[in-house]
1. How large is ³J(HN,Hα), in whole Hz, for each residue of segment 410-419 in order, when computed from phi with the Karplus curve 6.51 cos²θ - 1.76 cosθ + 1.60 and θ = phi - 60°, using x for Gly and Pro?
2. Quick check: from the Cα gyration tensor, does segment 282-438 come out rounded (a/c under 1.5), prolate or oblate?
3. Cβ under 12 Å from A462's Cβ, A462 left aside: what net charge do those residues give with Lys, Arg +1 and Asp, Glu -1?
4. Which of the peptides 397-406, 252-261, 188-197 is most tightly packed, and how do the rest follow, judged by the mean count of other Cβ atoms within 10 Å per residue?
5. Please label the shape of segment 185-275 as rounded, prolate or oblate, based on the square roots a ≥ b ≥ c of the eigenvalues of the alpha-carbon gyration tensor (a/c under 1.5 means rounded; beyond that, a/b larger than b/c means prolate, else oblate).
6. Counting heavy atoms of the protein chains only and a 1.4 Å probe, report the per residue accessible area for segment 211-369 as a whole number of Å².
7. Mind running the shape call on segment 287-357? Use the C-alpha gyration tensor, a ≥ b ≥ c as the square roots of the eigenvalues: rounded below 1.5 for a/c, prolate if a/b tops b/c, oblate otherwise.
8. Only Lys, Arg, Asp and Glu count, each charged at its Cβ (+1, +1, -1, -1), so figure out the dipole size of segment 274-374 about its Cα centre, rounded to 20 debye.
Amino acid sequence: MSQRSERRGIHVDQSELLCKKGCGYYGNAAWQGLCSKCWREEYQRARQRQIQEDWALAEKLQREEEAAYVSSHSSSQTQPPQSHSQQSLATFSKFEEKKTNEKTRKVTTVKKFFSPSSRTAPKKVPPEKESEKEEKLQGRRESHGENLLRDLKGIFTQPWEMASPTEESHEGKTPSPSITRQSSIETDRVSRDFVEFLKTLQKLGRDIHKQSRGFIESMGNKKDLSAEELSECVQDFYQGMSDRLMNHFKGSSEKVDRVMDQVEKYIMTRLYKSVFCPETSDDEKKDLATQHRIRALHWVTIQMLCVPVDEEIPEVSDSVVKAITDIIEMDSKRVPRDKLACITSCSKHIFNAIRITKNEPASADDFLPTLIYIVLKANPPRLQSNIQYITRFCNPSRLMTGEDGYYFTNLCCAVAFIEKLDAQSLNLSPEDFERYMSGQASPRRQDDPAAWPQSGSCVNPALSQIHHNLKLLSNLEKRQQQVTEGAQNLQTELAEWQDSVAREVQEILQRYPLEIKPRASAIDAENVENDRLPPPLQPQVFAG
């Protein structure tokens with residue numbers, strides 16, 4: 001089968017990586033093939049259409065209710081006229097009440113429980129409860145006063161004098177103590193670096209610090225939002241901050257990017273625990289599905305993917321190991337830019353391995369199959385969550401252009417290819433593909449010696465050693481079977497010889513039966529007068 005046909009299932013045209021709107025930026029599968037800019041525009045238009053449809057539906061329901069009311073109470077007094085704005089407001093309020101009645105019943109009940117109705121008269125409160133209420137109110141006033149003093153202090157003092165980094169590290173979820181200590185140390189370090197960076201910007205640094213702190217505090221009250229809504233909040237903050245910095249630096253994109261990188265690092269380090277794989281998303285389910293899929297594809301060889309990499313070359317093997325390490329290390333980073341840096345480093349090691357193997361610069365057609373091979377070998381933890389995290393909260397300018405955006409787009413394509421991998425992509429029959437996926441057979445355990453990787457092929461030296469050891473074990477198994485069969489045969493022969501000897505002894509006994517005769521008595525056995533006999537003669541010696 002030709003190499004061209006082998007690449008048919010893996011090849012991706014570079015034009016497919018670009019935005020479907022034709023804006024020239026890189027698209028993303030999570031954004032339906034659009035770039036971040038076009039996706040935000042489509043998302044805003046879809047939201048506007050949804051709002052208009054909700055209003056139209058609300059007005060329709062209100063007209064139907066009014067018609068039913070008029071028909072059933074035609075004799076009653078007419079309803080006083082209302083202005084158009086009041087009617088539309090009442091219509092929308094009734095529609096929203098009907099639409100969210102079942103979903104927000106518990107929340108509404110809790111809110112009504114803690115907030116007394118304006119229609120009911122206030123109840124008498126005992127003195128004890130009245131004192132408790134006064135204490136709570138006083139505590140709220142004190143906390144409000146502290147917040148006000150802190151904001152005033154932020155206006156008239158330097159940002160690095162506003163609060164210690166330790167005070168800023170108490171937000172998000174409450175993990176185990178060890179993880180809390182580790183995250184607190186990293187948060188403190190990032191906060192100190194951010195403050196040191198803002199010192200160089202003087203007044204602008206104070207404004208950035210105040211806006212960043214205010215945004216983080218506002219995000220603490222939005223934990224119940226969906227992942228898309230959280231992403232929208234962060235992207236809106238990025239856009240607003242970028243526009244203000246662009247006006248301040250008078251269009252210097254380099255300075256704007258430098259400041260935005262620090263802002264992203266500070267904000268996402270603080271918000272990481274609450275926005276990474278949020279409970280309102282299905283990222284965890286996608287992670288498990290991807291991990292199970294990659295584990296089921298453990299049998300895929302480097303030849304099936306047509307990867308132009310020879311891992312027997314030490315430099316190539318080192319580059320492959322480094323690429324696997326980088327893609328796995330991505331999960332340990334907290335900032336989207338750092339996760340992108342891991343993907344970029346992994347991709348550069350892949351290009352280096354291909355260049356050393358082919359002795360020529362690597363092409364895009366060689367890069368994507370090799371990236372798929374690296375992902376299959378590494379099986380990175382929480383791959384889908386990391387991709388979604390980068391997509392939602394990374395600075396959009398990094399994903400739209402540059403090498404980071406190119407490598408990230410290729411990683412998304414590689415994951416999508418793995419999810420849709422079939423027999424045709426690997427040039428296998430559907431029967432063999434199903435047997436390999438179910439574990440009933442493996443291409444590495446066929447009896448045909450030609451199916452085993454030979455020396456000189458593009459195989460990892462460790463795998464070659466494993467195959468050699470398997471061959472030795474197979475020979476030892478054959479020799480052990482031969483020794484076992486010989487021992488069984490010897491045991492059978494010994495049993496047969498014992499039976500034959502026993503048969504011969506029986507035949508001889510039957511032919512010549514054994515007769516036992518009584519013992520012969522002594523000569524004087526019957527002489528009862530032995531004691532009267534003379535003594536026996538004694539020899540005498542005569543002198544000659």
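The values are calculated or read from the model by the stated rules, or taken from the named source; none is laboratory data. Given the structure is predicted, the values throughout are model-derived calculations rather than measurements. As a convention, Cβ positions derive from the backbone with ideal geometry for all residues, glycine included, and neighbour counts pool all protein chains shown. Side chains included, ligands, DNA and RNA excluded: accessible areas come from the protein's heavy atoms. Shrake-Rupley method; radii C 1.70, N 1.55, O 1.52, S 1.80 Å.
1. 5, 5, 4, 5, 5, 5, 5, 5, 5, 5
2. Working: a/c = 1.82, a/b = 1.14, b/c = 1.61.
In terms of gyration-tensor shape, oblate.
3. Working: positive: K377; negative: E311, E312.
Here the charged neighbours net out to -1.
4. Values: 397-406: 19.2, 252-261: 14.8, 188-197: 17.0.
The peptides rank, most packed first, as 397-406, 188-197, 252-261.
5. Details: a/c = 2.13, a/b = 1.35, b/c = 1.59.
The shape class here is oblate.
6. Working: 7040 Å² over 159 residues.
So segment 211-369 comes to 44 Å² accessible per residue, rounded to a whole number.
7. On the way: a/c = 2.58, a/b = 1.17, b/c = 2.21.
It is oblate, given that a/c is not under 1.5 and a/b is not larger than b/c.
8. Charge dipole of segment 274-374: 220 debye, to the nearest 20.
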